[in-house]
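As structure tokens, the structure follows; a few thoughts come after it.
The values are calculated or read from the model by the stated rules, or taken from the named source; none is laboratory data. Quantities reported herein were computed from a predicted structural model and do not represent experimental measurements. Here Cβ is always computed from backbone atoms with ideal geometry, including for glycine, and neighbour counts include all displayed protein chains.
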Amino acid sequence: MNKRSKIQDVAKAAGVSTATVSRTLSSPDKVSEKTRDSVLKAVRATSYRVNRAARNLRTQRSGAILTLVPSLRNPFFSDILSGLERVLAGADYNLLITDTSEVRPDSNTLHSYLEGGQADGLVILDGSIGGADLELLNGGPYADQIIYACEWFEGTTVPSVRSDNAQGIEAAIDHLSELGHTKIAHVCGPAGNVLSDARKRGFMVSMAKKNLSYPVEYLVAGDFNLEAGRAAARTILKLEDPPTGVVCASDELAFGLIAELGAHGLSVPDDVSVVGFDDIEMAEVFVPALTTIHQDRIELGRRAAKLLLEVLADTPADDSETTVVLPVTLVARNSTAPLT
């Protein structure tokens, strides 16, 4: 059995004192960038893990889990929060929610949520939070108190629970293809967002599998909101050879797209078939009812809470994984129809 690394091993590898290692991990803002980089590099090289039991002797359990949500106005997150709350309440944790829409993506603020003792763990639903924060947390004292739900940040070891975005986009392409559509466009999510990138990549791969070509103009810039959908529709209407099928990166995008197409005299699905992604409650009652990719968001929240509780207890199940990918399904409704 490999011997567990000690703080002395980290200090030796970094060429600093054990006190400096401790200071770097507990108060990273109080050391120089050069020292911080050296210590974190040594932490990764030695696979050092902070002694949670010892740290807990010096701190008090808050009994709260903080969830970072990019926009509380977005109805997508309600079911995830519900799933989280059900599991956490059963473990005697209160769920706190913070809207991070005003937090700058390059800010270095994550550790402050835990450093002040206001929460015992973090569930991050915002894929724009990462960078310097998570580089620090990968080897810092709070790395084992954080998980991602729905979104994630590439290049980190933070556990995550997410839906199978590639599977969802492939199901959408298969559906439109079976209806006879070959001219298919994709309205993307926000640039640089990990979900947007995964769904855009899924679109390109799925189209290639079907041997379906498309002009670059069929990759339409967007965001996860109604106005972006309206703007995307105006872009599509200007194309000389517009698509007959459109796969949107979110349901709200699809709603905006359909509304704007209708304002310009086009009917969905008679003129254009549209597929969304998420299956929020509005999708079923929207006119036309939206064909979309269903994510089990309550289950996503439940699984995220269970994973976080395992991480906090330092007792992962034998079959637990640090990345959990949940399957998705296509729900066919009235916004798609055979090509005529």
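Descriptive notes on the structure:
- Of all the residues in segment 69-82, those that are at pLDDT below 90 and either outside any loop (DSSP other than H, G, I, E, B) or surrounded by fewer than 16 Cβ atoms within 10 Å (Cβ to Cβ) (or both) number 4.
- Only a single criterion out of (1) in contact with a helix residue (DSSP H, G or I) (Cβ under 6 Å, 6 or more places away or on another chain); (2) modelled with pLDDT of 95 or more; (3) over 21 Å from residue 126 (Cβ atoms) is not satisfied by residue 316, namely (2).
- Any hit, segment 252-271, residues being within 24 Å of residue 191 (Cβ to Cβ) and touching a Ser or Thr at 6+ places or on another chain (Cβ under 6 Å): no
- Taken together, the residues in segment 94-112 that are out of contact with any Ser or Thr (no Cβ under 8 Å at 6 or more places or on another chain) and at pLDDT 90 or above amount to 1.
Here is a yes/no grid of residues against (1) surrounded by fewer than 19 Cβ atoms within 10 Å (Cβ to Cβ); (2) under 12 Å from the mean Cα position of the chain (by Cα); (3) in the same structural domain as residue 268 (by the TED database):
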{"site": "157", "(1), (2), (3)": "yes, no, no"}
{"site": "193", "(1), (2), (3)": "no, yes, yes"}
{"site": "201", "(1), (2), (3)": "yes, no, yes"}
{"site": "206", "(1), (2), (3)": "no, no, yes"}
{"site": "211", "(1), (2), (3)": "yes, no, yes"}
{"site": "219", "(1), (2), (3)": "yes, no, yes"}
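- Filtered by the rule that a residue be of a type in the set (A, V, I, L, M) and in contact with a helix residue (DSSP H, G or I) (Cβ under 9 Å, 6 or more places away or on another chain), segment 73-97 gives 80, 81, 84, 87, 88, 91, 95, 97.
- Of the residues making up segment 125-141, one or more are of a type outside the set (Gly, Ala, Ser), closer than 21 Å to residue 295 by Cβ and modelled with pLDDT of 90 or more.
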